[in-house]
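Step one of this worksheet: look at the structure below.
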Amino acid sequence: MPYQATFAPFRIEAWSEQGGQVPTPASLQVIHRYWAAYLGCHQAQLSRPGTAVVRNGPGLADYHGATAFYRPPACVLAVPAD
């Protein structure tokens, strides 16, 4: 059976009504820096349209599979070096 991903619809208004907060530009910068280091890519690749394939970063050094990071319009696929 092929793998299937399911995504729940997300409305920022409903999230805010429940007490959620929208990230600030400063917090988004910290988040991008973390994920770029973890995946082994440049921060710009996390927001550049299209798909970037990179070697696993330090956070995935012991992982022998692929990791996909999808945040439209960008997709980063981190894969092992071997």
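The values are calculated or read from the model by the stated rules, or taken from the named source; none is laboratory data. Bear in mind the structure is a predicted one, so any value in this text is a computation, not a measurement. Glycine also receives a Cβ, built like all others from the backbone with ideal geometry; neighbour counts cover every protein chain displayed.
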Boolean, residue 33 is of a type in the set (Lys, Arg) and in a loop (DSSP other than H, G, I, E, B):
no
Looking only at the stretch 47-60, and only at residues there that are closer than 19 Å to residue 30 by Cβ and not in a loop (DSSP other than H, G, I, E, B), the one that is farthest from the chain's Cα centre (by Cα):
58
Any idea which residue in the stretch 24-43 is surrounded by the fewest Cβ atoms within 10 Å (Cβ to Cβ), counting only those that are farther than 18 Å from residue 68 by Cβ and hydrophobic (A, V, I, L, M, F, W, C)?
26
Quick check on this structure: which one of 63, 3 is outside any helix (DSSP H, G or I), modelled with pLDDT under 90 and surrounded by 11 or more Cβ atoms within 10 Å (Cβ to Cβ)?
63
Kindly establish whether residue 44 is in a helix (DSSP H, G or I) and without any contact (Cβ under 8 Å) to a residue 24 or more places away in the chain.
yes
